[in-house]
1. Run the simple label-point estimate for residue B:36 and residue A:161 please: 7 Å along Cα→C-beta, distance reported in nm.
2. List B:155, B:40 from most exposed to least, where exposure is judged by having the fewest other Cβ atoms within 10 Å.
3. Distance in nm between label sites at residue A:177 and residue A:8, each 7 Å beyond Cα in the beta-carbon direction?
4. Please order A:2, A:57 by the number of other Cβ within 10 Å, starting at the fewest.
5. Compare B:104, B:18, B:126 in a GNM of chain B, Cα atoms joined below 10 Å, and give the one with the largest fluctuation.
6. Relative to the first principal axis of the alpha-carbon coordinates of chain A, what is the inclination of helix A:55-64, with its axis defined by its Cα atoms, in degrees from 0 to 90 and to the nearest 10?
7. Given axes a ≥ b ≥ c from the Cα gyration tensor, I'd like to know whether region B:63-104 is rounded (a/c under 1.5), prolate (a/b larger than b/c) or oblate.
8. How many angstrom separate the Cα center of region B:131-183 from the Cα center of region A:155-192?
């Protein structure tokens, strides 16, 4: 075996290994990584922002939602699919239907690839202080390809990975430890 | 040693090293990237940057909260500790002050529930620094670099008078070097 062949084998192995190491990192921290808990159509990660969080959780939060707060202060729920399990599609209309949430403050934001979706009204979210809520405490947000109006969020004309993020700031005592009990909104496809 | 064995060893070593470097390095790199972007947008070290209502295309922070009228500071405490002080805004739907270490871990969170009075005094220091003045809370960073975020949630984004008033209120919180104990 020539010295040259051994060097080539080492270099090829190192390059392939570096690619595999990076790929494994992406697979374990990327946006398609399985979260630690599912609640309805939503997923949630209970280890955000804490010293005790593991290195994978820390890296994931740093890359996709830096400076998130720990669950004692904030709970984050993400939905990328509707109640039937279909990925959110910008050509469709959805109803996000919810009620009272066990928290001091809540808000629902729609993102494309993790960022705000430009629209003429600069409307990216609805919160408990500006959402129209019925006398029974129920509320419905409409996700639609375009348009403006109360309780309405728009996908816009560009494709991408759409995410709904529900934030609960200062959840009621005990809720952070039992996130499965949060009555998260349903995300129902209305038309396509 | 056979070439195939050399290749396998090189593969395993490079895979483990790359994975570890990305895993443990990415949080600090992410912080450095955000600080770099903030400095390019006119920010500076150790001074408060008062934000405007967020709009599409104006932030590099993924999954940022659009209902926040935020205040931010990029911290380098190598020159000494700092004090955040002033009159806490009273018109936010929610208010909190949080400090993040270079690796993004949360070092301190204090909301308007924990700091109910109007006056605010919070120290930002490292473990080997001491502050010689009374404060309500101290954020002790494991290294000199970090980030301060003050979140003030708007009750509405569409009431211009309310948002303008809130923008004045958040400017009543300021930051300065802390008085330190004599050695």
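Read the figures in this text as sums done on the coordinates, not as results from a lab. The structure displayed is predicted, hence computed values, not measured ones. Here Cβ is always computed from backbone atoms with ideal geometry, including for glycine, and neighbour counts include all displayed protein chains.
1. 2.2
2. Numbers: B:155 18, B:40 9.
Least crowded to most crowded, the residues run B:40, B:155.
3. Spacing of the two 7 Å Cα→Cβ label points: 6.3 nm.
4. On the way: A:2 8, A:57 20.
Arranged by neighbour count, lowest to highest, A:2, A:57 become A:2, A:57.
5. B:18
6. 60
7. On the way: a/c = 3.12, a/b = 1.41, b/c = 2.21.
Note, shape of region B:63-104 comes out oblate.
8. 29
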